[in-house]
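First up is the structure itself, then whatever we jot down about it.
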Amino acid sequence: MLAGVLTVLRIIGIVLLWILAIILAILLLILLVPIRYRLDANVPEMEFEEGFDTDKISCSAKITWLLHFISATIAYPDNKEFTVKILGIKILPKSEKEDDDKARGEKKRKKKEKTDDESSEEAGNNLETKSPSSQNDVTDAEQAENPDIVPEEKQDLEQDKEKVSESDNIDIGYEDEEEKTPIEIVLQIVERVQNFLTTPLNVFENIRYTTSRLYDKIRMIKTTLENDIFKRAFELVKRKLIRLLKMIAPDKARVDLKLGLGDPADTAEVMALYGAFYPVIFRKVSFEPDFDRKVIYADAHFKGHITVATVLYCVGVCYFNKDVKKVIRRFKKILNS
């Protein structure tokens with residue numbers, strides 16, 4: 001008996017260990033395996049004088065993870081829908097067959113609800129058609145036995161007259177109450193004049209109070225920015241943000257650009273701007289100026305990756321840092337003051 005219990009416990013322990021190992025492996029894959037992206041764009045050579053045709057522009061974006069285990073693509077103008085695939089099987093968007101089946105099911109459901117409503121309305125109409133006749137029979141019999149009974153219509157008319165008379169009496173009473181004495185009228189005029197004179201003073205007081213509060217907030221913000229805690233927190237956040245931007249930036253980039261603005265002076269200014277960044281982008285961007293025509297041509301390709309572990313590390317270091325927390329609390333206090 002004891003041996004059987006131990007065997008069952010051992011099997012349960014082995015199963016739990018395998019489950020934990022699988023969960024740990026999945027977490028490590030999500031954190032350490034990078035998400036790769038690719039961006040492509042193409043603008044064929046077009047002259048501005050002939051018109052800029054946006055239909056000729058093509059661009060696409062593709063995201064893959066774990067050797068294309070999961071992939072997502074979107075393209076313009078070929079495939080404007082965001083498509084997600086797992087092991088080559090399309091998950092999103094749903095196929096047209098599934099959409100048609102769903103639409104058919106919705107139509108059947110609406111049709112069934114419509115028929116149910118119609119049947120219930122017919123039953124209600126049958127009851128209504130029966131009830132008035134029976135009521136009339138009863139009233140006729142009662143009137144035959146008791147001729148003093150007044151019909152319902154006459155009773156309703158008498159009730160309406162009573163209500164009208166009551167409302168007239170009430171209105172008359174209100175008119176009597178609304179009549180004011182000369183002293184009350186004079187006091188009301190004095191009160192209005194007093195309110196008119198004190199309103200500018202109240203407005204000025206509110207402006208002064210708002211200005212003083214704004215000045216106090218500016219002074220508090222200045223004191224916070226000059227504090228060493230803020231400087232340490234700012235340096236930490238800046239370092240982590242630069243690391244994130246470097247990681248997200250494309251690993252490979254190639255841009256071929258041809259541009260002409262029609263005016264040689266304007267084209268030369270663009271070329272001068274390109275020359276200012278040439279030491280940084282000379283391996284990634286090639287620029288060909290056209291001084292005679294107003295023309296544009298572009299062909300761009302970017303590849304990069306994003307690692308979830310790096311993003312979580314940078315965000316976690318900034319979030320749990322004591323200096324950053326103090327600065328956040330300080331700014332919240334300033335805003336709520």
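No value in this document is a laboratory result; all are computed from the given coordinates. This structure is a prediction, so every number in the text was calculated from the model and none was measured. Cβ sites come from the backbone with ideal geometry, for glycine too, and all protein chains shown count toward neighbours.
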Lone unmet requirement of (1) surrounded by 12 or more Cβ atoms within 10 Å (Cβ to Cβ); (2) closer than 30 Å to residue 32 by Cα for residue 245: (1)
Odd one out for residue 295 among (1) touching a helix residue (DSSP H, G or I) at 6+ places or on another chain (Cβ under 6 Å); (2) of a type in the set (Val, Ile, Thr); (3) farther than 26 Å from residue 62 by Cβ: (1)
Kindly establish whether residue 224 is assigned to a helix (DSSP H, G or I), among the polar types (S, T, N, Q) and over 30 Å from residue 47 (Cβ atoms). yes
Taking only pairs six or more apart or across chains, which ones have beta-carbon atoms under 7 Å, a first residue in the range 11-36 that is β-branched (Val, Ile, Thr), and a second residue that is in a helix (DSSP H, G or I) and surrounded by 10 or more Cβ atoms within 10 Å (Cβ to Cβ)? 30/308
Residues of the range 1-47 satisfying the condition of being surrounded by 10 or more Cβ atoms within 10 Å (Cβ to Cβ) and of a type in the set (Gly, Ala, Ser): 13, 21, 25, 41
Taking the criterion of being more than 23 Å from residue 258 (Cα to Cα) and among the aliphatic types (A, V, I, L, M), would at least one residue in the range 38-56 satisfy it? no
Considering 74, 63, 91, 57, which residue is surrounded by 11 or more Cβ atoms within 10 Å (Cβ to Cβ), more than 18 Å from residue 300 (Cα to Cα) and in contact with a strand residue (DSSP E or B) (Cβ under 7 Å, 6 or more places away or on another chain)? 91
Looking at the range 251-269, which of the residues that are surrounded by fewer than 16 Cβ atoms within 10 Å (Cβ to Cβ) and within 38 Å of the chain's Cα centre (by Cα) is farthest from residue 313 (Cα to Cα)? 256
Odd one out for residue 252 among (1) under 30 Å from residue 237 (Cα atoms); (2) in contact with a Ser or Thr (Cβ under 9 Å, 6 or more places away or on another chain): (2)
